[in-house]
Amino acid sequence: MHITVRSGVRRRPYGSTVAAVLASAALLAGCGVLEGSGDELQVVEDPEPATAPPSPERTATPQGTVIGDIGAELTDTAAADVTALAVEASTRSLVVAVTDSSDGDDAGDTGAAVLFSPLDDPTAVHAEIPVPGAVEQLVPDNGSVVATLPGEDELIHLSPEQGIVGRTDVTGSPAGVTGGADTRLVAVRERAEVDVLEHEQRSASIGDGLSSADRVLLAGDTPIVLDRVRSAVFQVNLDDGDIGPGLRAGQGATHAVADRFGRVLVTDTRTDGLLAFDAEPLMLVQRYPVHGGIYAIAYDAERDIAWVTLTERNEVVGFDVAGGEPDEIHRFDSVRQPNSVTVDEQDGRVVVGSAAGEGIQVIEP
(Lines give C-alpha, C1' and ligand atoms only; values in the text may rest on other atoms or scores of the structure.)
Protein backbone atom coordinates (compact mmCIF):
# COMPACT_ATOMS: atom_id res chain seq x y z
CA MET A 1 0.00 0.00 0.00
CA HIS A 2 1.22 3.53 -0.53
CA ILE A 3 1.90 5.91 2.32
CA THR A 4 2.10 9.69 2.20
CA VAL A 5 4.65 11.18 4.56
CA ARG A 6 6.10 14.58 5.36
CA SER A 7 7.53 16.97 2.82
CA GLY A 8 11.16 17.98 2.65
CA VAL A 9 12.71 21.38 3.27
CA ARG A 10 14.72 23.34 0.76
CA ARG A 11 18.10 23.86 2.39
CA ARG A 12 19.45 26.94 0.62
CA PRO A 13 18.28 29.48 -1.95
CA TYR A 14 19.36 29.01 -5.53
CA GLY A 15 22.94 29.86 -6.21
CA SER A 16 23.71 32.49 -8.84
CA THR A 17 24.31 31.31 -12.40
CA VAL A 18 27.82 31.93 -13.71
CA ALA A 19 29.72 30.54 -16.66
CA ALA A 20 30.97 26.99 -16.29
CA VAL A 21 34.31 28.09 -17.69
CA LEU A 22 35.10 29.82 -14.38
CA ALA A 23 36.13 26.45 -12.97
CA SER A 24 39.75 26.69 -11.94
CA ALA A 25 42.45 25.01 -13.94
CA ALA A 26 43.70 23.64 -10.64
CA LEU A 27 40.86 21.13 -10.81
CA LEU A 28 42.75 19.43 -13.63
CA ALA A 29 45.74 18.61 -11.46
CA GLY A 30 46.47 14.89 -11.31
CA CYS A 31 44.08 13.97 -14.11
CA GLY A 32 46.09 12.62 -17.00
CA VAL A 33 44.89 11.82 -20.49
CA LEU A 34 44.38 8.21 -21.53
CA GLU A 35 45.14 7.57 -25.20
CA GLY A 36 44.80 4.29 -27.10
CA SER A 37 45.26 1.02 -25.25
CA GLY A 38 47.81 2.18 -22.68
CA ASP A 39 46.74 3.37 -19.24
CA GLU A 40 49.51 5.07 -17.31
CA LEU A 41 47.05 5.92 -14.53
CA GLN A 42 46.11 2.32 -13.76
CA VAL A 43 46.53 2.01 -9.99
CA VAL A 44 45.93 -1.74 -9.55
CA GLU A 45 46.66 -4.74 -11.73
CA ASP A 46 43.14 -6.18 -11.76
CA PRO A 47 40.69 -3.29 -11.40
CA GLU A 48 37.09 -3.96 -10.47
CA PRO A 49 34.22 -1.61 -11.34
CA ALA A 50 32.67 0.25 -8.43
CA THR A 51 29.19 -0.75 -7.32
CA ALA A 52 26.56 0.81 -5.09
CA PRO A 53 27.65 0.84 -1.43
CA PRO A 54 25.17 -1.09 0.73
CA SER A 55 22.64 0.94 2.65
CA PRO A 56 22.07 0.67 6.38
CA GLU A 57 18.62 0.26 7.85
CA ARG A 58 16.72 3.52 7.63
CA THR A 59 16.69 5.75 10.71
CA ALA A 60 14.49 8.48 9.18
CA THR A 61 11.18 8.49 7.35
CA PRO A 62 11.51 9.03 3.59
CA GLN A 63 10.10 12.36 2.53
CA GLY A 64 7.40 12.75 -0.10
CA THR A 65 5.15 9.85 -1.11
CA VAL A 66 6.37 6.26 -0.86
CA ILE A 67 4.68 3.59 -2.97
CA GLY A 68 5.90 0.52 -1.20
CA ASP A 69 4.02 -2.13 -3.16
CA ILE A 70 5.43 -1.39 -6.60
CA GLY A 71 5.70 -4.69 -8.42
CA ALA A 72 4.26 -6.56 -5.44
CA GLU A 73 2.15 -8.78 -7.68
CA LEU A 74 5.37 -10.31 -8.98
CA THR A 75 6.15 -11.86 -5.61
CA ASP A 76 4.11 -13.44 -2.85
CA THR A 77 5.73 -11.61 0.02
CA ALA A 78 7.12 -8.18 -0.79
CA ALA A 79 7.64 -5.48 -3.36
CA ALA A 80 10.14 -6.20 -6.09
CA ASP A 81 13.49 -4.43 -6.36
CA VAL A 82 13.65 -1.41 -8.65
CA THR A 83 16.46 -1.69 -11.20
CA ALA A 84 15.81 1.34 -13.44
CA LEU A 85 13.57 4.40 -13.76
CA ALA A 86 12.62 6.82 -16.52
CA VAL A 87 10.13 9.57 -17.29
CA GLU A 88 8.54 9.34 -20.74
CA ALA A 89 7.58 12.99 -21.17
CA SER A 90 5.42 12.80 -24.29
CA THR A 91 2.95 10.40 -22.67
CA ARG A 92 3.47 11.76 -19.13
CA SER A 93 4.41 8.28 -17.93
CA LEU A 94 6.63 7.03 -15.14
CA VAL A 95 8.43 3.87 -16.25
CA VAL A 96 9.76 1.51 -13.59
CA ALA A 97 11.80 -1.65 -14.15
CA VAL A 98 11.52 -4.19 -11.35
CA THR A 99 12.72 -7.68 -10.59
CA ASP A 100 12.02 -10.18 -7.82
CA SER A 101 15.52 -10.85 -6.53
CA SER A 102 14.29 -13.76 -4.41
CA ASP A 103 13.51 -15.87 -7.45
CA GLY A 104 15.91 -18.32 -9.04
CA ASP A 105 17.98 -18.03 -12.19
CA ASP A 106 15.29 -19.25 -14.57
CA ALA A 107 14.85 -16.37 -17.04
CA GLY A 108 11.24 -17.35 -17.55
CA ASP A 109 10.54 -17.00 -13.84
CA THR A 110 12.58 -13.97 -12.82
CA GLY A 111 9.58 -11.82 -11.95
CA ALA A 112 11.16 -9.04 -14.03
CA ALA A 113 8.82 -6.50 -15.56
CA VAL A 114 8.52 -2.93 -16.77
CA LEU A 115 5.63 -0.93 -15.33
CA PHE A 116 4.03 2.17 -16.87
CA SER A 117 2.10 4.57 -14.62
CA PRO A 118 0.67 8.08 -15.06
CA LEU A 119 3.06 10.63 -13.62
CA ASP A 120 0.15 12.32 -11.88
CA ASP A 121 -0.81 9.06 -10.15
CA PRO A 122 2.13 6.62 -9.94
CA THR A 123 0.00 4.19 -7.92
CA ALA A 124 -2.23 3.56 -10.93
CA VAL A 125 -0.16 1.11 -12.96
CA HIS A 126 -1.79 0.90 -16.39
CA ALA A 127 0.67 -1.50 -18.00
CA GLU A 128 2.81 -4.28 -16.55
CA ILE A 129 4.99 -5.88 -19.19
CA PRO A 130 6.92 -9.06 -18.24
CA VAL A 131 10.48 -9.09 -19.59
CA PRO A 132 12.95 -11.99 -19.71
CA GLY A 133 15.56 -10.53 -17.36
CA ALA A 134 16.68 -7.60 -15.26
CA VAL A 135 16.65 -4.19 -16.97
CA GLU A 136 19.69 -1.98 -16.37
CA GLN A 137 18.67 1.20 -18.20
CA LEU A 138 15.42 2.66 -19.55
CA VAL A 139 15.59 5.32 -22.27
CA PRO A 140 12.51 7.18 -23.58
CA ASP A 141 11.97 6.88 -27.33
CA ASN A 142 9.08 8.88 -28.84
CA GLY A 143 6.26 7.56 -26.68
CA SER A 144 7.87 4.21 -25.94
CA VAL A 145 11.04 3.16 -24.12
CA VAL A 146 14.14 1.14 -24.92
CA ALA A 147 15.34 -1.19 -22.16
CA THR A 148 18.81 -2.69 -21.92
CA LEU A 149 19.00 -6.31 -20.70
CA PRO A 150 22.70 -7.16 -20.33
CA GLY A 151 22.01 -10.67 -19.08
CA GLU A 152 19.85 -11.45 -22.11
CA ASP A 153 22.07 -9.84 -24.78
CA GLU A 154 19.30 -7.69 -26.15
CA LEU A 155 17.51 -4.37 -26.24
CA ILE A 156 13.75 -4.51 -25.79
CA HIS A 157 11.41 -1.86 -27.20
CA LEU A 158 8.33 -1.35 -25.04
CA SER A 159 5.01 0.40 -25.52
CA PRO A 160 2.44 0.74 -22.71
CA GLU A 161 -0.34 -0.09 -25.19
CA GLN A 162 1.32 -2.93 -27.10
CA GLY A 163 3.88 -4.41 -24.70
CA ILE A 164 7.11 -5.61 -26.31
CA VAL A 165 7.07 -4.16 -29.82
CA GLY A 166 10.62 -5.04 -30.85
CA ARG A 167 13.84 -6.75 -29.88
CA THR A 168 17.40 -6.01 -30.95
CA ASP A 169 20.03 -8.68 -30.38
CA VAL A 170 23.31 -7.24 -29.06
CA THR A 171 25.84 -9.90 -28.09
CA GLY A 172 28.14 -9.01 -25.20
CA SER A 173 25.89 -7.51 -22.50
CA PRO A 174 24.36 -4.25 -23.75
CA ALA A 175 24.36 -2.00 -20.68
CA GLY A 176 23.62 1.52 -21.95
CA VAL A 177 21.96 3.12 -24.96
CA THR A 178 21.38 6.55 -26.46
CA GLY A 179 20.04 7.96 -29.70
CA GLY A 180 16.92 7.35 -31.78
CA ALA A 181 15.48 4.74 -34.11
CA ASP A 182 17.58 5.81 -37.10
CA THR A 183 20.91 5.69 -35.23
CA ARG A 184 21.53 4.30 -31.75
CA LEU A 185 24.74 3.94 -29.80
CA VAL A 186 24.93 0.97 -27.46
CA ALA A 187 27.52 0.50 -24.71
CA VAL A 188 28.37 -3.21 -24.80
CA ARG A 189 29.98 -4.13 -21.50
CA GLU A 190 31.63 -7.51 -22.04
CA ARG A 191 32.94 -6.70 -25.52
CA ALA A 192 34.11 -3.27 -24.27
CA GLU A 193 32.78 -1.63 -27.42
CA VAL A 194 30.24 0.92 -28.55
CA ASP A 195 27.97 -0.52 -31.23
CA VAL A 196 26.48 1.80 -33.84
CA LEU A 197 23.01 0.63 -34.86
CA GLU A 198 21.45 1.94 -38.06
CA HIS A 199 17.74 1.12 -38.08
CA GLU A 200 18.47 -1.52 -35.41
CA GLN A 201 21.20 -3.17 -37.53
CA ARG A 202 24.81 -2.98 -36.38
CA SER A 203 26.90 -0.92 -38.78
CA ALA A 204 30.06 -0.52 -36.67
CA SER A 205 31.68 -1.50 -33.37
CA ILE A 206 34.11 0.95 -31.78
CA GLY A 207 36.17 0.05 -28.75
CA ASP A 208 39.93 -0.21 -29.15
CA GLY A 209 41.42 0.75 -25.79
CA LEU A 210 38.33 0.31 -23.59
CA SER A 211 38.20 -2.11 -20.68
CA SER A 212 34.43 -1.91 -20.39
CA ALA A 213 31.58 0.07 -21.93
CA ASP A 214 28.87 0.77 -19.37
CA ARG A 215 27.11 3.98 -20.43
CA VAL A 216 27.09 5.99 -23.63
CA LEU A 217 25.63 9.46 -24.02
CA LEU A 218 25.66 12.54 -26.21
CA ALA A 219 27.12 15.70 -24.70
CA GLY A 220 26.03 18.21 -27.31
CA ASP A 221 27.09 16.48 -30.51
CA THR A 222 29.94 14.54 -28.91
CA PRO A 223 29.44 10.86 -28.01
CA ILE A 224 31.01 9.92 -24.67
CA VAL A 225 31.42 6.43 -23.23
CA LEU A 226 31.85 5.63 -19.53
CA ASP A 227 34.29 2.82 -18.74
CA ARG A 228 33.65 1.69 -15.16
CA VAL A 229 36.61 -0.70 -15.03
CA ARG A 230 39.11 2.03 -15.86
CA SER A 231 36.94 4.67 -14.13
CA ALA A 232 37.29 6.92 -17.14
CA VAL A 233 35.33 8.73 -19.82
CA PHE A 234 36.29 8.68 -23.51
CA GLN A 235 35.23 10.44 -26.65
CA VAL A 236 33.86 8.18 -29.38
CA ASN A 237 34.88 9.19 -32.90
CA LEU A 238 32.07 8.01 -35.15
CA ASP A 239 33.64 9.37 -38.34
CA ASP A 240 36.99 7.70 -37.72
CA GLY A 241 35.54 4.62 -36.06
CA ASP A 242 37.80 4.75 -33.02
CA ILE A 243 37.99 5.75 -29.38
CA GLY A 244 39.37 9.24 -28.86
CA PRO A 245 40.99 10.91 -25.86
CA GLY A 246 39.99 9.83 -22.38
CA LEU A 247 40.27 11.16 -18.85
CA ARG A 248 40.30 9.44 -15.50
CA ALA A 249 36.99 9.98 -13.67
CA GLY A 250 38.03 9.53 -10.06
CA GLN A 251 38.68 6.07 -8.64
CA GLY A 252 35.29 4.44 -9.16
CA ALA A 253 32.92 6.13 -11.60
CA THR A 254 29.50 4.49 -11.82
CA HIS A 255 26.97 6.73 -13.62
CA ALA A 256 26.96 9.67 -16.02
CA VAL A 257 24.50 12.10 -17.60
CA ALA A 258 24.87 14.96 -20.06
CA ASP A 259 23.71 18.48 -19.23
CA ARG A 260 22.54 21.31 -21.47
CA PHE A 261 25.96 22.99 -21.33
CA GLY A 262 27.59 20.16 -23.30
CA ARG A 263 29.16 18.69 -20.18
CA VAL A 264 29.18 15.18 -18.76
CA LEU A 265 28.34 14.83 -15.06
CA VAL A 266 29.84 11.71 -13.46
CA THR A 267 29.38 10.13 -10.03
CA ASP A 268 32.65 8.88 -8.53
CA THR A 269 31.30 6.38 -6.04
CA ARG A 270 34.58 5.06 -4.70
CA THR A 271 36.08 8.42 -3.74
CA ASP A 272 32.91 10.46 -3.15
CA GLY A 273 32.85 13.04 -5.91
CA LEU A 274 30.56 14.70 -8.44
CA LEU A 275 32.66 15.43 -11.53
CA ALA A 276 31.92 17.60 -14.56
CA PHE A 277 33.74 17.24 -17.88
CA ASP A 278 33.56 19.48 -20.90
CA ALA A 279 33.11 17.13 -23.83
CA GLU A 280 34.81 19.07 -26.62
CA PRO A 281 37.66 19.17 -25.93
CA LEU A 282 37.45 16.58 -23.18
CA MET A 283 38.46 18.35 -19.98
CA LEU A 284 37.69 18.04 -16.27
CA VAL A 285 36.23 21.36 -15.15
CA GLN A 286 34.72 20.55 -11.75
CA ARG A 287 35.24 18.07 -8.96
CA TYR A 288 32.99 18.49 -5.95
CA PRO A 289 33.12 16.24 -2.85
CA VAL A 290 29.85 14.48 -2.05
CA HIS A 291 30.16 12.05 0.85
CA GLY A 292 27.86 9.17 1.65
CA GLY A 293 28.16 6.75 -1.26
CA ILE A 294 27.19 8.88 -4.27
CA TYR A 295 25.77 6.59 -6.94
CA ALA A 296 22.80 7.25 -9.25
CA ILE A 297 22.29 10.56 -11.04
CA ALA A 298 19.54 12.34 -13.00
CA TYR A 299 19.57 15.79 -14.55
CA ASP A 300 16.74 18.34 -14.73
CA ALA A 301 17.54 20.53 -17.75
CA GLU A 302 14.73 22.98 -16.97
CA ARG A 303 16.17 23.85 -13.56
CA ASP A 304 19.83 22.82 -13.99
CA ILE A 305 19.59 20.49 -11.03
CA ALA A 306 21.61 17.28 -10.81
CA TRP A 307 19.95 14.79 -8.46
CA VAL A 308 22.26 12.20 -6.92
CA THR A 309 21.58 9.36 -4.51
CA LEU A 310 23.72 8.57 -1.47
CA THR A 311 23.30 4.88 -0.76
CA GLU A 312 25.38 4.85 2.45
CA ARG A 313 23.06 7.48 3.94
CA ASN A 314 19.70 6.67 2.30
CA GLU A 315 19.49 10.19 0.91
CA VAL A 316 18.89 12.01 -2.37
CA VAL A 317 20.53 15.40 -2.93
CA GLY A 318 19.87 18.10 -5.50
CA PHE A 319 22.67 20.35 -6.75
CA ASP A 320 22.33 23.50 -8.82
CA VAL A 321 25.01 22.83 -11.46
CA ALA A 322 24.66 25.99 -13.55
CA GLY A 323 27.48 27.84 -11.81
CA GLY A 324 31.18 27.50 -11.21
CA GLU A 325 30.67 24.66 -8.73
CA PRO A 326 27.70 22.58 -7.60
CA ASP A 327 25.49 24.29 -5.02
CA GLU A 328 23.43 22.04 -2.76
CA ILE A 329 19.82 23.22 -2.68
CA HIS A 330 17.89 20.09 -1.62
CA ARG A 331 18.53 17.09 0.62
CA PHE A 332 15.92 14.46 1.43
CA ASP A 333 15.82 11.18 3.33
CA SER A 334 15.11 8.36 0.89
CA VAL A 335 13.95 4.78 0.68
CA ARG A 336 16.63 2.22 1.51
CA GLN A 337 19.23 1.35 -1.13
CA PRO A 338 18.34 4.23 -3.50
CA ASN A 339 20.10 2.81 -6.56
CA SER A 340 18.07 4.69 -9.18
CA VAL A 341 16.64 8.17 -9.68
CA THR A 342 14.80 10.09 -12.39
CA VAL A 343 13.19 13.52 -12.68
CA ASP A 344 10.13 14.97 -14.40
CA GLU A 345 11.38 18.15 -16.05
CA GLN A 346 7.87 19.56 -16.44
CA ASP A 347 7.25 20.08 -12.73
CA GLY A 348 10.55 19.06 -11.11
CA ARG A 349 9.24 15.98 -9.31
CA VAL A 350 11.92 13.46 -8.41
CA VAL A 351 11.41 9.69 -8.24
CA VAL A 352 13.81 7.44 -6.33
CA GLY A 353 13.85 3.64 -6.67
CA SER A 354 14.75 1.18 -3.91
CA ALA A 355 16.86 -1.85 -4.76
CA ALA A 356 15.90 -3.31 -1.37
CA GLY A 357 12.19 -3.91 -1.88
CA GLU A 358 10.93 -0.58 -0.50
CA GLY A 359 9.35 0.55 -3.77
CA ILE A 360 9.54 4.05 -5.18
CA GLN A 361 9.51 7.49 -3.60
CA VAL A 362 8.02 10.58 -5.25
CA ILE A 363 9.30 13.94 -4.03
CA GLU A 364 8.00 17.40 -4.95
CA PRO A 365 10.86 19.74 -3.97
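The values are calculated or read from the model by the stated rules, or taken from the named source; none is laboratory data. Small disclaimer: the values here were computed from a predicted structure and weren't measured. Glycine also receives a Cβ, built like all others from the backbone with ideal geometry; neighbour counts cover every protein chain displayed. Remember, those area values only see protein heavy atoms, side chains included, never the ligands or the DNA or RNA. Shrake-Rupley method; radii C 1.70, N 1.55, O 1.52, S 1.80 Å.
Are any of the residues in the range 205-214 under 29 Å from Phe116 (Cβ atoms) and at pLDDT 95 or above?
In the first step, residues of the range 205-214 are kept if they are under 29 Å from Phe116 (Cβ atoms); the result is 213-214.
Subsequent filtering for residues that are at pLDDT 95 or above retains 213-214.
Checking the range 205-214: at least one residue is under 29 Å from Phe116 (Cβ atoms) and at pLDDT 95 or above.
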- Query: Does Asp278 qualify as being within 20 Å of the chain's Cα centre (by Cα), closer than 26 Å to Pro53 by Cα, modelled with pLDDT of 95 or more and charged (D, E, K, R)?
  - Reply: no
- Query: If you scan the range 181-204, which residues turn out to be modelled with pLDDT of 95 or more and small (Gly, Ala, Ser)?
  - Reply: Ala187, Ala192, Ser203, Ala204
- Considering only the range 283-321, state which residues are farther than 21 Å from Gln251 by Cα and among the small types (Gly, Ala, Ser). Ala301, Gly318
- Message: Here's a check for you: in the range 72-98, which residue that is at pLDDT below 95 and under 18 Å from Ile156 (Cβ atoms) is farthest from the chain's Cα centre (by Cα)?
- Response: Leu74
- Query: Any idea which of Val308, Val290, Val285 is closer than 27 Å to Val98 by Cα and in contact (Cβ under 8 Å) with a residue 12 or more places away in the chain?
  - Reply: Val308
- Query: Can you find even one residue in the range 62-71 that is part of a helix (DSSP H, G or I), modelled with pLDDT of 55 or more and not hydroxyl-bearing (Ser, Thr, Tyr)?
  - Reply: no
- Does the range 171-193 include one or more residues that are basic (Lys, Arg), open to solvent by 20 Å² or more (accessible area, probe 1.4 Å) and touching a residue at least 24 places away in the same chain (Cβ under 8 Å)? yes
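Hey, does the range 238-246 have a residue that's buried (at least 24 other Cβ atoms within 10 Å of the Cβ) and of a type in the set (A, V, I, L, M, F, W, C)?
Yes; the residues of the range 238-246 include at least one that is buried (at least 24 other Cβ atoms within 10 Å of the Cβ) and of a type in the set (A, V, I, L, M, F, W, C).
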- Task: Residues being within 21 Å of Gly353 (Cα to Cα) and touching a helix residue (DSSP H, G or I) at 6+ places or on another chain (Cβ under 8 Å): count how many of those fall in the range 138-150.
- Result: 1
- Taking Val335 as meeting all but one of (1) buried (at least 24 other Cβ atoms within 10 Å of the Cβ); (2) in contact with a helix residue (DSSP H, G or I) (Cβ under 9 Å, 6 or more places away or on another chain), write down the number of the exception. (2)
- Residue satisfying condition, being open to solvent by 10 Å² or more (accessible area, probe 1.4 Å) and at negative phi, within set Asp304, Asp327: Asp327
- Is it fair to say Gly241 is touching a residue at least 60 places away in the same chain (Cβ under 8 Å) and either farther than 22 Å from Thr269 by Cβ or in contact with a Ser or Thr (Cβ under 8 Å, 6 or more places away or on another chain) (or both)? no
- Message: Condition first: within 14 Å of Pro365 (Cα to Cα) and either over 19 Å from the mean Cα position of the chain (by Cα) or not charged (D, E, K, R) (or both). Now tell me which residues in the range 309-330 satisfy that.
- Response: Val316, Val317, Gly318, Phe319, Glu328, Ile329, His330
- Item | Whichever residue in the range 112-123 is touching a strand residue (DSSP E or B) at 6+ places or on another chain (Cβ under 8 Å) and open to solvent by 40 Å² or more (accessible area, probe 1.4 Å) and, among such residues, is nearest to Ala355 (Cα to Cα) | Thr123
- Restricting the range 205-236 to residues that are out of contact with any Leu (no Cβ under 8 Å at 6 or more places or on another chain) and over 23 Å from Asp268 (Cβ atoms), the one most open to solvent (accessible area, probe 1.4 Å) turns out to be Asp221
- Query: Where in the range 136-247 are there strands (runs of 3 or more DSSP E), lying fully within it, with 3 or more residues that are over 21 Å from Val87 (Cα atoms) and of a type in the set (A, V, I, L, M)?
  - Reply: 193-198, 222-227, 232-237
